[in-house]
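Worksheet: the structure to be examined is printed underneath.
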Amino acid sequence: MSEKLSFVSPTANSPWGTYLSQVDRVVPYLGPLARWVETLKRPKRALIVDVPIEMDDGTIAHFEGYRVQHNMSRGPGKGGVRFHPDVTLEEVMALSAWMTIKTAAVNLPYGGAKGGIRVDPKKLSLQELEKITRRYTSEIGIIIGPHTDIPAPDVNTNGQIMAWMMDTYSMNVGGTATGVVTGKPLHLGGSLGRVKATGRGVFVTGREAARRLGMDLRGARIAVQGFGNVGSVAAELFAEAGAKIVAVQDHTGTIVNTNGLDLAKLIPVANKEGVVAFKSGGDIVPNEDFWNVACDILIPAALEGQITAERAQKTTAKLVLEGANGPTVPQADDILAERGVLVVPDVICNAGGVTVSYFEWVQDFSSFFWDEDEINVRLDRIMMNALNQIWDTADKHKITLRTATYAVACERILMARQERGLYP
Ligand code: NAD
């Protein structure tokens, strides 16, 4: 009986279309809860705002902004804010829905939300960036809050932008509301461990997956695509555990060393100039060769859509750890499954970031801050518990870890929906 949404036209490969097909795939595993599934196929609330600012040259510019709260059955909305000229309402809807799945998969007491502004921040002065952030925050201020919806950084947003968002919201409510956003600078209620949290989560889930596969991390060969916040931290932790990082690719190119790259030397060079500047440490090879490098573990930690059907056919990896969001196209996913390659999906593998964001929010409420060891121990425990539950579900139904993650997450969300009941 439900009406189709009139404000989006998803296609098979568009973000919202992809999300809808992921949900359809788990319906057979939801039992009687399947009667609630339509609730996952539409956002609870979607706000479109006009963001006008006066530019440095005196002209008035208008930008389109969004905040979508996909589902809040299990708690307040949680999800980042993206500043990008190509952001659309449909993309933000899909990203908010993936946050609903991610927070439920690791069992955090949150729903899913996401926001964005259609703007290229590189074309703004610092003053214009502050203005657009503050006006956007004020416009979405009617639906965000420490108990309702908590934004965080995403593409092209950072700790400074979170500080402006926190200040603007606080000015409007007449107090200091540190818990309204996460990813803040440390002295403004930020958390230790947040910067490395996503890479650490990739390591924790990868270590457990390797153990279950009977793969020894000592000497294991790892190829990493994307050597930024997620990829470089994960690579460092695997190297500390005895693995060899045999190939790294970033936007500048690909470097290979079958004896293992020296990360202590590579990381500073990569941060400054990109990996190809580290010529003395390995061989620079054509980018497509990255996918042929003999390896045991492949970590895509750059962009979406990188593992295509063709690349899925050639990889020698036995384990894929999705640090990036959406790095594997659906057809490649099926090929990897047929070839017996285990994929730890993004919605669990890279959930370390939102987990430490949750710790930040909890610490802000109690105004009591934990040391980094405590953060890391708690992160390890949450990620391990989540992965083990998902693994058991995959074994029980003989399904992939991705489908199992969606099954576990959707069951939690719909159970909450059912227990709360429909209002009125
Ligand atoms: P980042 O900007 O720090 O690093 C991105 C890396 O990808 C850089 O090394 C860059 O050179 C590389 N890259 C860019 N274009 C490339 C290309 N065409 N080919 C190969 N490499 C390319 O970003 P990040 O924070 O590490 O995020 C990486 C991925 O992880 C994204 O998909 C992001 O959505 C996802 N993610 C990040 C977090 C987080 O907390 N940072 C959390 C969850 C998911």
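Listed values, structure above:
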| read-out | value |
| --- | --- |
| Amide proton proximity set for residue 183, modelled H, under 5 Å, gap of 5+ | 191 |
| Sequence-distant residues sharing a close amide H with residue 79 (under 5 Å, placed H) | 113, 150, 152 |
| Straight-distance crosslink candidates among lysines, where the alpha carbon sits under 19 Å from residue 244 and sequence neighbours closer than 8 are dropped | 265, 279, 318 |
| Residue order for 6, 367, 73 - accessible surface, 1.4 angstrom probe, largest first | 6, 367, 73 |
| Sites excluded, trypsin sites (Lys or Arg not before Pro) in DSSP loops with at most 12 other C-beta within 10 Å, longest stretch of the chain | 5-217 |
| Summed residue charge, Cβ within 14 Å of residue 189's Cβ, Lys/Arg positive, Asp/Glu negative | -1 |
| Environment charge of residue 248, counting only residues whose C-beta is closer than 14 Å and scoring Lys/Arg +1, Asp/Glu -1 | -2 |
| Label-point gap, in nm, between residue 374 and residue 216 - each point 7 angstrom along Cα→Cβ | 3.8 |
| For the stretch 279-285, 3J(HN,Hα) per residue [Karplus equation, 6.51 cos²θ - 1.76 cosθ + 1.60, θ = phi - 60°, Hz, x = Gly/Pro] | 4, 5, x, x, 9, 8, 10 |
| ³J(HN,Hα) computed for each position of the stretch 70-83 - Karplus, 6.51 cos²θ - 1.76 cosθ + 1.60, integer Hz, glycine/proline x | 6, 8, 10, 5, 9, x, x, x, 9, x, x, 10, 10, 9 |
| Residue 362-residue 48 pseudo-label distance in nm [points 7 Å out on the Cα-to-Cβ vector] | 3.9 |
| Prolate/oblate/rounded label for the chain (Cα gyration tensor, a/c 1.5) | oblate |
| For the chain, the longest site-free run once chymotrypsin sites (Phe, Trp or Tyr not before Pro) in DSSP loop states with at most 14 other Cβ atoms within 10 Å are removed | 8-367 |
| Over the chain, relative contact order from alpha-carbon pairs under 8 Å, at least 6 apart, % | 15 |
| Under 11 Å, Cβ to Cβ, from residue 324 - net charge with Lys/Arg +1 and Asp/Glu -1 | -3 |
| Residues of type lysines that residue 123 reaches as a straight line, Cα spacing below 30 Å, ignoring anything fewer than 8 places off in the same chain | 78, 114, 131, 184, 196, 272 |
| Per-residue SASA entry for residue 283, accessible area with 1.4 Å probe, Å² rounded to 10 | 100 |
| Gain in span if fully extended, residue 251 to residue 60, counting 0.36 nm per residue against the direct Cα distance | 65.2 nm |
| Share of carbon and sulfur in the accessible heavy-atom surface of the chain [1.4 Å probe, %] | 51 |
| Between the stretch 301-370 and the stretch 77-150, the alpha-carbon center distance in angstrom | 20 |
| Solvent-accessible surface (1.4 angstrom probe) belonging to residue 357, in square angstrom, nearest 10 | 0 |
| Extreme residue, positive dipole direction of the stretch 43-174, given options 146, 72, 60 (C-beta unit charges) | 72 |
| Computed lengthening from residue 314 to residue 34, 0.36 nm per intervening residue step minus Cα-Cα distance | 97.0 nm |
| For the stretch 43-174, projected area of the alpha-carbon convex hull averaged over all directions, nm² | 7.5 |
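The values are calculated or read from the model by the stated rules, or taken from the named source; none is laboratory data. Quantities reported herein were computed from a predicted structural model and do not represent experimental measurements. Every residue, glycine as well, gets a Cβ built from its backbone with ideal geometry; the counts of neighbours run over all protein chains shown. These area figures cover heavy atoms from the full protein model, side chains too; ligands, DNA and RNA do not enter into them. Shrake-Rupley method; radii C 1.70, N 1.55, O 1.52, S 1.80 Å.
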